[in-house]
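Worksheet for the structure shown next.
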Amino acid sequence: MVTLDDFATAADAIAGTSSKREKVRVLADFLRGCDEEELPLATRYFSGSVFATGDPRTLNVGGAVFSRVLRDLGGAGDAEMARAWRQYADVGDVTRAVLAGKDDVPAGAVTLVRLGGLLCAIADASGVRSKTAALRDLLAATTPEGARYVAKLISGDMRIGLREGLVEEAVGVAFGAEPAAVSRAVMLVGDLGEVARLAVHGTLADARPQWFVPLRFMLATPVADAEEAIARMGEDVWVEDKYDGIRCQLHRRGERVALYSRDLKDVTRQFPEVAAAAVDVPADVIVDGEVLAFHGGMVMPFQALQTRLGRVDPGADVMRAVPAIYVAWDLLVEGDDVLLDAPLHQRRQRLERLGPQERIALAHLESVRGAAEVNRRFQDARGRRNEGLMLKQPDSPYTPGRRGLNWLKLKQPLDTLDVVVVGAEWGHGKRRGVLSDVTFAVRVDATDDLVTIGKAYSGLTDAEIAEMTKLLLESTIADHGHYRTVRPEIVLEVAFDAVQPSTRHKSGYALRFPRIARWRHDKPVSEIDTLSRVRQLAALGTVEREQRVDQAGDQ
Ligand code: AMP
């Protein structure tokens, strides 16, 4: 019987070597030692997920609940918790340190299968009290070493240097399967645990998409301009408007419909009107597309749609104010036919044969030749205040989870803001021991007041981060453990995709996908951007977009 402590020992060995081959060897040995029930669990846990792809359950353990249980079990006070965070900056290591004195359970007390059961109990518990109790049951049953990996699992990040590709490789090595056969099965089945089960039985070739198990999404490679797009893709390309909504994969089989988001979560209950409409699609299908907010013949801005995010079973008033439609651009399965390897033009033809219908539209598509025409379409799209264009190679297959050159995305150049750093957090993993995650602010016009607008951690070089850490330590006003307030001295230029109203930050706005573009050593704090410029940028983004949707069904 495999236990959590066996898992921890193998995970430590994997983390302890930088050799990919050795990591794969250790994991393959471990997987071979698992029985049928343990194998899918071990495979999933090593790749950092608790549940199978397509399983709608989530643990949903907040930081506050986790900290409370940890404090209780470890008997730690504020100062000790803060010290542990400062020293380790990793939830697993902090957990082990706080629970270090806990010696009431022997190693091996929790089997992997029992761990699975205790994790399910956390997912099934609703309300803070029962969630706290379920988490307590789990952490109380484990050794500090085991708890370390439980914490990593709960946070969704194992940090043992094991990319998913290596877990796939280990499944192949463990059961004597070709790497290509394993990755193809993963592409089709989606869930690595299920693939491991197929591999044991030597039936990887039987893998095919499962109804109501989401496939990974095909991704696009960004290009700077039309010339680059044509150079990469050839003269004849298909262009589609790049809609700014929520990517969703739609499964429809008989009366049952499900929508899955990009992170493979079931979001059907957030968009009941789309789900209800999809029942009328005249075939069983798996479709790729995007949910958009659509009202009075116009696509509403992303912000409007955002009000529906996370809202399960929205009321009639919400659905009336922000009606959702689905724009489809690809057909992956129709009935018994798996179409992933069929060329895009065939998939599109079959999609068109199914036809648009109420609330389900087809993405606007044009076939163009050469950079000049792409540029024209791009300008059109920008004129419509659209995000940009998607360029697609008409002969290409659908490759789940891959970012290749068969789909390119062309976006408008990004805006930037000059901001000042007002707070910083210790980084994780590679960024451990440096203050890499910064909170920044803009100035309220004609005052010295600063209001926060976002957080970012990517974009600077390691040398810059090291230098910044030194300055941030010197300029700390208050140390709150893993967060510190600093004197506003460092000016950064941040890039982002959009500015949106938000209650998360003091400014009343938040940036979408913020990243650090440059350290503005040249710019004094007195010259950073102001709240009125933020308002201007936000207003630009809210002008309604006349995106093209062929026969979208909202009247
Ligand atoms: P990325 O995900 O960053 O590779 O960029 C592609 C994203 O653009 C997808 O995830 C979709 O949400 C979005 N998108 C908008 N319109 C389209 C389209 N016509 N085809 C594919 N993706 C689209």
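The values are calculated or read from the model by the stated rules, or taken from the named source; none is laboratory data. Remember, it's a predicted structure, so these values are computed and weren't measured experimentally. Quick reminder, even Gly has a Cβ in these numbers, built from the backbone with ideal geometry, and neighbours come from all protein chains shown. Accessible surface is based on the protein model in full, side chains and every heavy atom, while ligands, DNA and RNA are left aside. Shrake-Rupley method; radii C 1.70, N 1.55, O 1.52, S 1.80 Å.
About its Cα centre, what dipole magnitude does segment 219-410 give when the only charges are +1 on Lys and Arg Cβ and -1 on Asp and Glu Cβ, stated in debye to the nearest 20?
I would put it at about 460 debye.
Tell me, what % of the accessible area of segment 4-155 is carbon and sulfur with a 1.4 angstrom probe?
Percent of accessible area from carbon and sulfur atoms in segment 4-155: 49.
Which whole-Hz ³J(HN,Hα) couplings does segment 290-307 yield from phi under the Karplus relation 6.51 cos²θ - 1.76 cosθ + 1.60, θ = phi - 60°, glycine and proline marked x?
9, 8, 10, 8, 9, 8, x, x, 10, 6, 7, x, 3, 4, 4, 5, 4, 5
Would you work out if segment 1-134 is rounded, prolate or oblate? Take a ≥ b ≥ c from the square roots of the eigenvalues of the alpha-carbon gyration tensor; rounded if a/c is under 1.5, else prolate when a/b is larger than b/c, oblate otherwise.
Oblate, since a/c reaches 1.5 and b/c is not below a/b.
Once you order the gyration tensor axes a ≥ b ≥ c over the Cα atoms, which shape class does segment 214-287 get: rounded for a/c under 1.5, otherwise prolate or oblate by comparing a/b with b/c?
prolate
Limiting things to C-alpha atoms, what are the Rg and the maximum Cα-Cα separation (Dmax) for segment 219-410, in angstroms?
Computed over the Cα atoms of segment 219-410, radius of gyration and Dmax are 16.6, 49 Å.
Can you report the principal axis dimensions of segment 417-541 using only the alpha carbons, biggest first, rounded to whole angstrom?
Here the spans come out as 39, 28, 27 Å, largest first.
If you roll a 1.4 Å probe over segment 162-294 with all protein chains in place, what percent of the accessible area is carbon or sulfur?
Carbon and sulfur atoms account for 49 percent of the accessible area of segment 162-294.
Sort Ser47, Ser507 by accessible area with a 1.4 Å probe, largest first.
Ser47, Ser507
Excluding residues fewer than 8 places away in the same chain, name every one of the lysines whose C-alpha is closer than 17 Å to that of Lys506.
Here the lysines satisfying the reach criterion relative to Lys506 are Lys455.
What does the accessible area per residue of the chain come to in Å², with a 1.4 Å probe and no ligands, DNA or RNA counted?
Spelled out: the 1.4 Å probe surface of the chain, per residue, equals 43 Å².
How much length, in nm to one decimal, is gained on full extension between Arg184 and Asp103, taken as 0.36 nm per residue of separation minus their Cα-Cα distance?
24.7 nm
Roll a 1.4 angstrom probe over the protein heavy atoms and tell me the percent of accessible area of segment 417-541 that is carbon or sulfur.
Solvent-exposed carbon and sulfur of segment 417-541 make up 52 percent of the total.
With only Lys, Arg, Asp and Glu charged, each at its Cβ (+1 for the first two, -1 for the last two), find how big the charge dipole of the chain is about the Cα centre; round to the nearest 20 debye.
Once rounded to the nearest 20, the dipole reads 680 debye.
Give a residue-ordered list of calculated ³J(HN,Hα) values for segment 392-409 (Karplus: 6.51 cos²θ - 1.76 cosθ + 1.60, θ = phi - 60°; whole Hz; x for Gly, Pro).
Result, rounded to whole Hz: 10, 8, x, 8, 8, x, 9, 10, x, x, 9, 9, x, 9, 7, 10, 10, 10.
Which whole-Hz couplings ³J(HN,Hα) result when phi for each residue of segment 334-341 is put into the Karplus expression 6.51 cos²θ - 1.76 cosθ + 1.60, θ = phi - 60°, listed in order with x for Gly and Pro?
Those phi angles translate into 9, x, 8, 8, 8, 9, 4, 8 Hz.
Could you pull out every one of the lysines with an alpha carbon less than 29 Å from that of Lys392, ignoring same-chain neighbours closer than 8 positions?
Lys242, Lys265, Lys409, Lys411
Accessible area, 1.4 Å probe, largest first: how do Arg431, Arg484 sort?
So the residues, ranked largest to smallest area, are Arg431, Arg484.
Could you put His521, His428 in order of accessible surface area, largest first, with the 1.4 Å probe and the full protein assembly present?
Solvent-accessible surface, decreasing: His521, His428.
Assign unit charges at the C-beta atoms only (+1 for Lys and Arg, -1 for Asp and Glu), then state the dipole size of segment 4-155 relative to its Cα centre in Debye, rounded to the nearest 20.
500 debye
Once you sort the root eigenvalues of the Cα gyration tensor of the chain as a ≥ b ≥ c, which label holds: rounded (a/c under 1.5), prolate (a/b larger than b/c) or oblate (the other case)?
oblate
Residues with amide H under 5 Å of Leu331's amide H, sequence separation 5 or more or different chain, H placed in the peptide plane at 1.01 Å from N; which?
HN-HN under 5 Å from Leu331: Asp288.
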